[in-house]
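This report concerns only the one structure given below.
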Amino acid sequence: MAEQGDGVRQLVVFELANEVYGINIGTVREIIRMQTVTYVPDSPGFVECVINLRGRVIPVVDLRKRFGLPVTDATNESRVLVVDISGDDIGVIVDAVTEVQRISEDSIEPTTTLVTTEDSYYIEGIAKVDDQLLILLDLEKALDSTDVRTAVAAAA
């Protein structure tokens, strides 16, 4: 994750399945409301659909599916984070975006093998913010898969 010069990270904070996550603000191009989507038959794994964003076709990943969480219907609070992953715009569906927050590097604890597995290599750490724990994600790693690359190529 990119750091500010003073040991502080700036994150976009969002909710997913009643947990709170943060991602580097530098990877987020924009945050949009859920919109009309096009479901693509036989799309790979957790790639949910594609959207038309100002004339560009963007693949959209359901983070609930990607993380093996129960899938729910979109609500008025649901958002699509359009993120830059290796130079490609990809949408990710989240339950709600709550804020942009600055956190100190000192508040971040590394994960241990007790709480993460080989399959959760995309979790960078856990930040303690007030009375809340914030799971820090590296979306570049979480979305770096053959399924996502196939969807990006198909949308281009």
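Figures for the structure shown
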read-out: Residue selected from segment 125-143 under the condition more than 15 Å from the chain's Cα centre (by Cα) and among the β-branched types (Val, Ile, Thr), by the criterion most open to solvent (accessible area, probe 1.4 Å); value: 126
read-out: In segment 41-77, the residues that are exposed (fewer than 11 other Cβ atoms within 10 Å of the Cβ) and of a type in the set (D, E, K, R); value: 42, 54, 73
read-out: Residue under evaluation residue 32, criteria (1) assigned to a strand (DSSP E or B); (2) touching a residue at least 40 places away in the same chain (Cβ under 8 Å); (3) open to solvent by 50 Å² or more (accessible area, probe 1.4 Å); (4) more than 22 Å from residue 124 (Cα to Cα), criterion not met; value: (3)
read-out: Enumeration of residues in segment 77-90 that are of a type outside the set (D, E, K, R), farther than 14 Å from residue 14 by Cα and free of Cβ contacts under 8 Å to residues at least 60 places away in the same chain; value: 86, 87
read-out: Some residue of segment 31-54 being under 30 Å from residue 105 (Cα atoms) and within 15 Å of the chain's Cα centre (by Cα); value: yes
read-out: Filtered residues of segment 58-71 (kept if in contact with an Asp or Glu (Cβ under 8 Å, 6 or more places away or on another chain) and in a loop (DSSP other than H, G, I, E, B)); value: 71
read-out: Subset of segment 85-110 that is in contact with a strand residue (DSSP E or B) (Cβ under 9 Å, 6 or more places away or on another chain) and not in a strand (DSSP E or B) - its residue that is most open to solvent (accessible area, probe 1.4 Å); value: 110
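The values are calculated or read from the model by the stated rules, or taken from the named source; none is laboratory data. Quantities reported herein were computed from a predicted structural model and do not represent experimental measurements. Please note: Cβ atoms are built from the backbone with ideal geometry, for glycine as well, and neighbour counts cover all protein chains shown. Keep in mind that these areas ignore ligands, DNA and RNA; they rest on the heavy atoms of the full protein, side chains included. Shrake-Rupley method; radii C 1.70, N 1.55, O 1.52, S 1.80 Å.
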